[in-house]
1. Restricting to the range 506-526, give me the number of residues that are modelled with pLDDT of 90 or more, within 18 Å of LEU481 (Cα to Cα) and part of a loop (DSSP other than H, G, I, E, B).
2. State all residues of the range 571-609 that are over 25 Å from ASN354 (Cα atoms) and part of a helix (DSSP H, G or I); if no residue qualifies, say none.
3. In the range 340-354, is there at least one residue being of a type in the set (A, V, I, L, M, F, W, C) and free of Cβ contacts under 8 Å to residues at least 40 places away in the same chain?
4. Which one is surrounded by the most Cβ atoms within 10 Å (Cβ to Cβ) among residues in the range 159-201 that are assigned to a helix (DSSP H, G or I) and β-branched (Val, Ile, Thr)?
5. Name the single residue, out of those in the range 362-416 being farther than 17 Å from SER583 by Cα and of a type in the set (Val, Ile, Thr), that is surrounded by the most Cβ atoms within 10 Å (Cβ to Cβ).
6. Only helices (runs of 4 or more DSSP H) wholly contained in the range 228-342 count here; list those with 1 or more residues that are of a type outside the set (A, V, I, L, M, F, W, C), at pLDDT below 90 and surrounded by 16 or more Cβ atoms within 10 Å (Cβ to Cβ).
7. Within the range 551-570, is even one residue surrounded by fewer than 23 Cβ atoms within 10 Å (Cβ to Cβ), part of a strand (DSSP E or B) and under 28 Å from the mean Cα position of the chain (by Cα)?
Amino acid sequence: MLKSQTLKKFITLILLSLTLSACKSTAPLNKSMKDISLRQVSETAEKYLSQASYAQNNIQRDKLTLLAAHAELNQQHIDSADKLLKSLKFKLTPQPELLAEHKFLSAQVFLKRRQLDDALNELNYPPQWRLPNWQWVAYHQQKSKLYKLTLQPIKQLSELSLLSKYYSRSEAQAINDRIWRGLQPLKQEQLAELSKRTTEPLFSGWLQLGYIAKHYGADPLQLISYLSRWQKQHRAHPAARKLPSDLEKALNTEPYHPKHIAVLLPLSGKRATLTDPIRSGILSSYLTMNAPQVSLNFYDTNLGVEAAYQQALTAESDFIIGPVLPNNVTKLKQFQTQQTDKNTIPQLFLNQSNDVNADENQYYFSLSPQQEAVDSAMHMYRDSIKNPLVFASNDGFGHRMASAYKEKWQQLTGSPAEVHFYDSGDKMKLTVQKAMCVKDSQTRIKQMKAMFGNKLKADFRSRRDIDAIYMISSAQDLSLLKPFIDVNFSVFAKPVPLYSTSRSRPNGGLRRAATEFNGITLSDAPWLMQNTPENRIINTLWPNWTNSQQRLYAMGFDALTLINKLAQMRAFPGYHHKGLSGSLSIQADGVIYRQLQWGQYHRGYLNSL
């Protein structure tokens, strides 16, 4: 009996000891599954995996394993994180919070391996999932980032719009500003089409607002009317409560309504012939205005730009266009700074100035080659080009354009563009061969034939790492440069898209060009990309005009047309005027920026894209 009682006590002590031991070893996990948060990683992967081995249930195990994978990613141990996630994939508890975190971390693995398309495919949450706000925030942030990296700006902005719903009004303001800035590069036609196809109400509201701002931005009365309608239809929209600051400024900016317009141009001397197309463009625009109450007077800068300016002031001009020659722009600006009366008359200079000041009534309009190069870089970036090769003429023009292109490409991608400058004649061919690594391949073939005899058959190889070529050249150079490029692509390499500049376009308008131009994509003023009755009239009046003269005509036409829009365009940089010389917008410093139209040669004809 005594032995029996002693045995019972002994067994009881052992069981109690085991129970206490078990309680001690699982102490860190003796909590509900809600206490294990996936939101923040605070331990090492090893610690989480150790805890997971003592998990009380599958949910705890899955959470701790996901935290371990997250910790591995934080330490850049991508392969280790991937193994943990794959080990969970088919045994993961089917709970939205766990499934979402598994998808999020798996997408992170793809992102770190630069498998962007796989990351986007993985990061796809069903809308019916009920998740804590922090998971939706992380989801939309990451998806927005992936869309940016894959050059899908519209989808990126849509994700930012969804993200803003999870922030307070004050916190969401920074996101709303990003959305608004992101809409600025889009054309009004794009905005109109997108707003029809977008079903998400918040983002649709942004698209509609962007369209209204661009379409009516230079007409304050219409802008106010359509904004009022939009605000009534979107009362809960953040922009309905507080309009974007630049749009607010455009509403409160008084447009220019001059009665006496002065134009400063060389009307005599050898420069007069060069600027005749500008004068013709201004006169054509004036005739289409049908505004007899507005006077237009021309003053000859060949007799002195300061004298012409004084004549315009004496005639009580209230808006001045010109001068156009760079040295005259510099002289006049120096003259203006020396005047005691600093209330300058609003003025649209027809050239750039090295001394662009902050005078809010002065603007600068030119057919800048550097702007064209910047526009080309942006266009090729939107075409998903990753590694362009640039050939530029070895002269001042080529160097300026190449420098502007290279700087913009660096801003857009963080990587420099590879530029090669060529000289005319036989040296052009050598530059192309060297840039495309053909010379190295040919040298290796010669060495092999020296070893094994001339019967050895071998084709040269060209580089395969480039995905586009941008050619900064004259039309004469391009007719040689393009064939050199064609023949220096090896049979093993896929030909890449070829881009060029308006300077490369042969004279003759839309007439058929040489077959060497086939396949080339280039930019030019919209005026030179169309065949309207107006084009035919100008071609009849001045049949011998070159492309350069046609562009100057378009510039003159736009210069007068812009006057009533300039103040609003400066206040609202997102507004674009569809001019003959390009899609025009104004930067804060008053410089007018041109976006050109693009076309591609096919069977000798340039077709608009």
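The values are calculated or read from the model by the stated rules, or taken from the named source; none is laboratory data. Every value quoted in this text rests on a predicted model; they were computed, and no experiment measured them. All Cβ positions, even for glycine, are placed from backbone atoms using ideal geometry, and neighbour counts span all protein chains on display.
1. Matching residues across the range 506-526 total 0.
2. Result: no residue meets the conditions.
3. yes
4. The first filter runs over the range 159-201 and keeps only residues assigned to a helix (DSSP H, G or I), leaving 159-164, 169-183, 188-197, 201.
Pick out the ones that are also β-branched (Val, Ile, Thr) and you get 175, 179.
Values: ILE175: 20, ILE179: 26.
Here the answer is ILE179.
5. Per the stated criteria, the residue is VAL390.
6. Working: elements: 238-241, 245-251, 270-289, 305-314, 326-337.
Qualifying helices (runs of 4 or more DSSP H): 238-241, 245-251, 326-337.
7. No, the range 551-570 contains no residue that is surrounded by fewer than 23 Cβ atoms within 10 Å (Cβ to Cβ), part of a strand (DSSP E or B) and under 28 Å from the mean Cα position of the chain (by Cα).
Condition check ((1) modelled with pLDDT of 90 or more; (2) in contact with a His (Cβ under 8 Å, 6 or more places away or on another chain); (3) of a type in the set (Val, Ile, Thr); (4) in a helix (DSSP H, G or I)) across all residues:
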{"residue": "LEU7", "(1), (2), (3), (4)": "no, no, no, yes"}
{"residue": "LEU16", "(1), (2), (3), (4)": "no, no, no, yes"}
{"residue": "ALA22", "(1), (2), (3), (4)": "no, no, no, yes"}
{"residue": "GLU43", "(1), (2), (3), (4)": "no, no, no, no"}
{"residue": "TYR48", "(1), (2), (3), (4)": "no, no, no, yes"}
{"residue": "GLN76", "(1), (2), (3), (4)": "yes, no, no, no"}
{"residue": "GLU97", "(1), (2), (3), (4)": "yes, no, no, yes"}
{"residue": "SER106", "(1), (2), (3), (4)": "yes, no, no, yes"}
